[in-house]
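The structure appears right after this line, and notes come after that.
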Amino acid sequence: MPSMASALFEGLALGRTPLAHLLPGPGGHWQEHYACFPGRITEWLTFDNMHHQWLLLAACFWVIFMFMVASKFITLTFKDPDAYSAKQEFLFLTAMPDSGKLQGEHQFPEELKPTGKMLSDGQLVQPLVYMERLELIRNVCRDEALKNLSHTAVSKFVLDRIFVCDKHKILFCQTPKVGNTQWKKVLIVLNGAFPSIEDIPENVVHDHEKNGLPRLSAFSDAEIQKRLKTYFKFFIVRDPFERLISAFKDKFVHNPRFEPWYRHEIAPGIIRKYRRNRTETRGIQFEDFVRYLGDPNHRWLDLQFGDHIIHWVTYVELCAPCEISYSVIGHHETLEDDAPYILKEAGIDHLVSYPTIPPGITVYNKTKVEHYFLGISKRDIRRLYARFEGDFKLFGYQKPDFLLN
């Protein structure tokens, strides 16, 4: 017959409470009686408690899942696809496959191609800064007092500065010393002359017989007018005086492309006419360059220099902004934002990327400007400003009073 101790042990193993009374039953076996019910109640409560815990855990997982789905929906709904980060980096320029038009995308005739962002209701919106730049140009062009400084004929000289990409209906006006080499590389790739920026030899970029960039002047009058009216048109500017410093350094000091005619032909011509100290034997100085550019009678010397003057003539003379209605004017100082915006507006941001912009290279350097103009007479600086005043006014650059007064 089992002992009472073994029966009690068995009861504990089964989760019964020791309060259950064990009484001898028939045949001498120890049996549980009514008092063992508290153990069974404990078993039931334990099971029920675990059941509720599982239900609570499942409910938590469900709430988390629904929150994740809601968050994703909110993100997709409010994300601005046209926003640009000022620190966005473009690693390299390369041709990319055309992903094609999205289903339901707005279609426009070429002459009505929009410039700006489209809202969900089809309303056209252009970032304020770019609208203000174009409005400023229109206002200055209407100023009769500045007419001689802001207007020019759309001559062959101007048309020679405008490069054409018929494949993507783009016109780009070249303004040397404002990072134009990179934009020419963009167009070269778009025109299909080379598959990527890495494949373009440096000596080809500026060789217009090899780079596959036609000039607008190569077309008939009717074709020129058609492109001017319907194509996306842009050019880039920078502070006019800083651009002149860059031109002087590039052509007369460093001359990295080995263009000897600047030092051996153009520089001597400037020195002969504009150097005050005839006993000075040094090469051309920035002071000589400033006197040449500020001379109201500079044009006779310009004719001798030919197209080489494109590196220092005004933006007005290069691109005729009052005669040609440009789609976007980019600024060198904000190129990190302007470059991706231009690609977006031209409809080519899915095809090419603007090359990486080294940090700080586009920032206006007042100290450098002061250094180069140090020692140059106020009279010469004022005459220089008088020639480039149209550029300062048209593109919103501050008058350099720190040099003039």
Quiz item: Given (1) within 30 Å of residue 388 (Cβ to Cβ); (2) in contact with a Pro (Cβ under 8 Å, 6 or more places away or on another chain); (3) open to solvent by 10 Å² or more (accessible area, probe 1.4 Å), where does residue 197 come up short, assuming only one miss?
Solution: (1)
Quiz item: For the subset of segment 268-325 comprising residues that are under 40 Å from the mean Cα position of the chain (by Cα) and small (Gly, Ala, Ser), which member is surrounded by the fewest Cβ atoms within 10 Å (Cβ to Cβ)?
Solution: 306
Quiz item: Taking segment 137-169, which residues are part of a helix (DSSP H, G or I), open to solvent by 60 Å² or more (accessible area, probe 1.4 Å) and farther than 27 Å from residue 218 by Cβ?
Solution: 138, 139, 144, 145, 147, 148
Self-check item: Subset tally (residues that are surrounded by 18 or more Cβ atoms within 10 Å (Cβ to Cβ) and at pLDDT 95 or above) for segment 345-354
Solution: 3
Self-check item: residue 182, sole failed condition from (1) of a type in the set (S, T, N, Q); (2) within 22 Å of the chain's Cα centre (by Cα); (3) at pLDDT 95 or above
Solution: (3)
Self-check item: Conditions (1) open to solvent by less than 20 Å² (accessible area, probe 1.4 Å); (2) farther than 24 Å from residue 354 by Cβ: number failed by residue 259
Solution: (1)
Quiz item: Considering only helices (runs of 4 or more DSSP H) fully contained in segment 235-318, which possess at least 1 residues that are under 27 Å from residue 173 (Cβ atoms) and among the aromatic types (Phe, Trp, Tyr)?
Solution: 240-248, 286-294, 299-305
Quiz item: In segment 228-256, which residue that is over 17 Å from residue 165 (Cα atoms) and among the basic types (Lys, Arg) is most open to solvent (accessible area, probe 1.4 Å)?
Solution: 249
Practice problem: Six or more apart or on different chains, Cβ under 7 Å: which pairs go from a residue in segment 244-260 that's farther than 16 Å from residue 291 by Cα to one that's assigned to a helix (DSSP H, G or I) and open to solvent by 60 Å² or more (accessible area, probe 1.4 Å)? Could you list them? | Solution: 255/263
Exercise. Take residue 337 and decide whether it is charged (D, E, K, R) and within 27 Å of the chain's Cα centre (by Cα).
Key: yes
Quiz item: For residues in segment 319-343 being part of a helix (DSSP H, G or I), hydrophobic (A, V, I, L, M, F, W, C) and out of contact with any Gly (no Cβ under 9 Å at 6 or more places or on another chain), which is farthest from residue 172 (Cα to Cα)?
Solution: 343
Practice problem: Can you confirm whether segment 350-368 contains a residue that is out of contact with any strand residue (DSSP E or B) (no Cβ under 7 Å at 6 or more places or on another chain), among the aliphatic types (A, V, I, L, M), assigned to a helix (DSSP H, G or I) and within 29 Å of residue 172 (Cβ to Cβ)? | Solution: no
Quiz item: If you check 357, 376, which single one turns out to be β-branched (Val, Ile, Thr), modelled with pLDDT of 95 or more and open to solvent by 10 Å² or more (accessible area, probe 1.4 Å)?
Solution: 376
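The values are calculated or read from the model by the stated rules, or taken from the named source; none is laboratory data. Everything quoted here is computed from the prediction, not taken from an experiment. Note that we place each Cβ from the backbone using ideal geometry, even for glycine, and neighbour counts take in every protein chain shown. What goes into the accessible areas is simple: the full protein's heavy atoms, side chains included, and nothing from ligands, DNA or RNA. Shrake-Rupley method; radii C 1.70, N 1.55, O 1.52, S 1.80 Å.
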